[in-house]
2 protein chains.
Amino acid sequence: MRASEVREAGATAEAGEAGRTAPRRSGGRSDAADTRCRIIEATAALLQRQGYESTSVKAIAGAANASPSSVYHFFPGGKQELAIEAMRHGAAEFGELIAEGLASSPDPAEATAACALLLADTLRESDWTDGCPVAVTALETVGRVPGLQEAATEALTHWRGLVAAKLRESGIEPAAARSLAGTVISMLEGAELLSRVGGDDTPLRDAAVHLAQLVRASPRG
Amino acid sequence: MRASEVREAGATAEAGEAGRTAPRRSGGRSDAADTRCRIIEATAALLQRQGYESTSVKAIAGAANASPSSVYHFFPGGKQELAIEAMRHGAAEFGELIAEGLASSPDPAEATAACALLLADTLRESDWTDGCPVAVTALETVGRVPGLQEAATEALTHWRGLVAAKLRESGIEPAAARSLAGTVISMLEGAELLSRVGGDDTPLRDAAVHLAQLVRASPRG
DNA sequence: GTCTATAACGGGATAGAC
DNA sequence: GTCTATCCCGTTATAGAC
């Protein structure tokens, strides 16, 4: 989900109370699957911005233009089940963003730097709200909501795999590629944290430079 | 605050209900300043582990062996005011940890790596609970609790300053030192996130290797 | 300064009509 | 499937006794 879409969804939910009570034309795209999808997307956006504890089921329902009981209808496991599914959804989209950055150049150093710059642009253009969809929720619930921790670990592993594949394609040794890819994800996560908290994308831009340096210096890079 | 102290404090609070209701001998160290201090330390420990939203005033009072109204007595601004002060407290201690790591070697590359390894040990030995005292709370409340965001920014800036000073001492050019120091903090934050979520200190250990590489390659390093 | 008690509110979750 | 209404609980914060 792009930042603009998130903002639109939020605005619609806030301003569109009339739309919720008014009968919806049945020829539209508002079938069950669509409602379920809206709930997941709204949850993903809220988790990305506020994390798990600050996001109420009521707020999710409001943002998705649905009633709280609809949420429990589609997700009998309640907030936890929904959050897990939403995290997977957000993680997949974030993975596409990383893949887009990696694909921007055949040179692995430039591609890695491009990832950091892409995150910097996305974050700044969203007024420092659209960061990693996993970080806040994962840190908040580590050791206390196993399903979320598992989903977060899968996401981080997947992203690392994307980077590692790019590094290996470029001739970097598999063991070095794996380790370096983990460091790339660590750096992106940390720099995004600093950029978001400070309201300044310098950390992500510096990360781009230093990541490129690291990749260039790696064996067979 | 060390991990062992945190655990002791928690255990005391849970098992020591009798101690709370029993009259305390007035010759002890339980004066007002001490109670206030216990509240701050308990809050810092809980913020570090669970973040802001998951930490209730009741839980803080329990962990500090005090009553909720004592909390409001010392911190009329309520949870926010207390959290800000606790974050500053935790940030100062974390700064000492970083300084300890930096002081462990005259070589800036080894010193930086030592920081990452020190965090890895601290985190693992605390069963992945004692991470950065700022990260969770800062991410959770970014854009919504300005005082906390400000305290977090101050902490991150301070830590970066510690690293930058070490780099400059070693002859690295000031501009490069500043930028590289920011990247060091980014990497530590990100690697700690990955280590904590994954329950595996490999990211922090890999970060140690790659940070040392970066510092060695920096101009005049 | 610390206690007990409670107000005021919002949270997650459920029941049953339609 | 979606709505309205509601239950129960935990939360922040305050009041007043001691």
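Roughly speaking, to the nearest percent, how much of the range B:87-217's 1.4 Å accessible area is carbon and sulfur? Show your work: numbers first, answer last.
Values: 2420 of 4480 Å².
That fraction is 54 percent.
Straight-line reach only, C-alpha to C-alpha below 19 angstrom: list the aspartates and glutamates that B:LYS58 could link to, leaving out same-chain residues fewer than 8 apart.
A:GLU53, A:GLU140, B:GLU8, B:GLU14, B:GLU17, B:ASP34, B:GLU41, B:GLU81, B:GLU85
Let a ≥ b ≥ c be the square roots of the eigenvalues of the Cα gyration tensor of the protein assembly as shown; is it rounded (a/c under 1.5), or, if not, prolate (a/b larger than b/c) or oblate? Display every interim value, and only then the final one.
On the way: a/c = 1.94, a/b = 1.00, b/c = 1.94.
Cα axes put the protein assembly as shown in the oblate bin.
Mind listing the label-point distances from B:GLY147 to the same position on all other copies, shortest first, one decimal in nm, points 7 Å along Cα→Cβ?
Ordered by distance, the counterparts are at 3.6 nm.
Please report, for A:ASP31, the nm distances (one decimal) from its label point, 7 Å out from Cα along the beta-carbon direction, to the equivalent points in the remaining copies, shortest first.
Distances to the matching label points in the other copies: 7.4 nm.
Where does chain B land at 222 nm, in deg cm²/dmol rounded to the nearest 500, when only DSSP H runs of n ≥ 4 count, each adding -39500 (n - 2.57), divided by all residues? Write down the numbers at each step before the final one.
Numbers: 11 runs with 166 residues, N = 221.
Taken over chain B, the calculation gives -24500 deg cm²/dmol.
Say we join alpha carbon atoms closer than 10 Å with springs in a Gaussian network model of chain B; which of B:THR153, B:THR43, B:THR112 then has the biggest fluctuation?
B:THR153
Give the nm distances, rounded to one decimal, from B:ASP200 to the matching residue in every other copy, measuring between label points 7 Å along Cα toward the beta carbon; shortest first.
Output for B:ASP200: 3.5 nm, nearest copy listed first.
Running a GNM on chain B with Cα contacts under 10 Å, which residue among B:ALA165, B:ALA181, B:ALA86 ends up with the highest mean-square fluctuation?
In this elastic network of chain B, the residue with the biggest mean-square fluctuation among B:ALA165, B:ALA181, B:ALA86 is B:ALA165.
Using only protein heavy atoms and a 1.4 angstrom probe, determine the accessible area buried between B and A, summed over both sides, in Å² to the nearest 100. Kindly include the intermediate steps, with their values, before the conclusion.
Values: alone 11040 and 11080 Å², together 18920 Å².
Rounded to the nearest hundred, the buried surface is 3200 Å².
A drop of at least 30 square angstrom in accessible area, chain alone versus all protein chains together, probe 1.4 Å. Which residues of the range A:127-142 meet that?
A:VAL136, A:LEU139, A:GLU140, A:VAL142
Using unit Cβ charges (K, R positive; D, E negative) and no other charged atoms, how large, in debye to the nearest 20, is the dipole of chain A about its Cα centre? Numbers along the way, then the final one.
On the way: 22 positive and 29 negative charges, 84 e Å.
Dipole size: approximately 400 debye.
Could you tell me the distance between the Cα centroids of the range B:69-146 and the range B:42-63, to the nearest Å?
After rounding, the separation between the Cα centres reads 14 Å.
Relative to the Cα centre, what is the charge dipole magnitude of the protein assembly as shown, using +1 at the beta carbon of each Lys and Arg, -1 at the beta carbon of each Asp and Glu, and rounding to the nearest 20 debye?
With only Lys, Arg, Asp and Glu charged at Cβ, the dipole is about 500 debye.
Under a straight-distance cross-link criterion of Cα-Cα below 17 Å, which aspartates and glutamates are reachable from B:LYS166, leaving out those fewer than 8 residues away in the same chain?
Cα-Cα hits under 17 Å: B:GLU96, B:GLU100, B:ASP107, B:GLU110.
Decide, for the range A:72-221, between rounded, prolate and oblate: order the square roots of the alpha carbon gyration tensor eigenvalues as a ≥ b ≥ c, take rounded if a/c falls under 1.5, and otherwise choose prolate if a/b is larger than b/c, else oblate.
Numbers: a/c = 2.25, a/b = 1.56, b/c = 1.44.
Here the range A:72-221 falls in the prolate category.
When ligands, DNA and RNA are left out and all protein chains stay put, how many square angstrom of accessible area per residue does chain A have with a 1.4 Å probe?
Working: 9480 Å² over 221 residues.
About 43 Å² of surface per residue is accessible.
Quick one: which bits of the range A:37-73 get at least 10 Å² less accessible when the partner protein chains are in, versus the chain alone, with a 1.4 Å probe?
A:ARG49, A:GLN50, A:GLU53, A:SER54
Assigning unit charges at the beta carbon (Lys, Arg +1; Asp, Glu -1) and nothing else, what dipole magnitude in debye, to the nearest 20, does the range A:119-177 show about its Cα centre? Show your work: numbers first, answer last.
On the way: 5 positive and 9 negative charges, 45 e Å.
About 220 debye.
Rounding to the nearest 10 and keeping the result within 0 to 90°, find how far the Cα-based axis of helix B:108-125 lies from the longest principal axis of chain B.
That helix lies at roughly 30 degrees to the long axis.
The values are calculated or read from the model by the stated rules, or taken from the named source; none is laboratory data. Just so it is clear, the model here is predicted, and its values are computed rather than measured. Cβ sites come from the backbone with ideal geometry, for glycine too, and all protein chains shown count toward neighbours. Accessible surface is based on the protein model in full, side chains and every heavy atom, while ligands, DNA and RNA are left aside. Shrake-Rupley method; radii C 1.70, N 1.55, O 1.52, S 1.80 Å.
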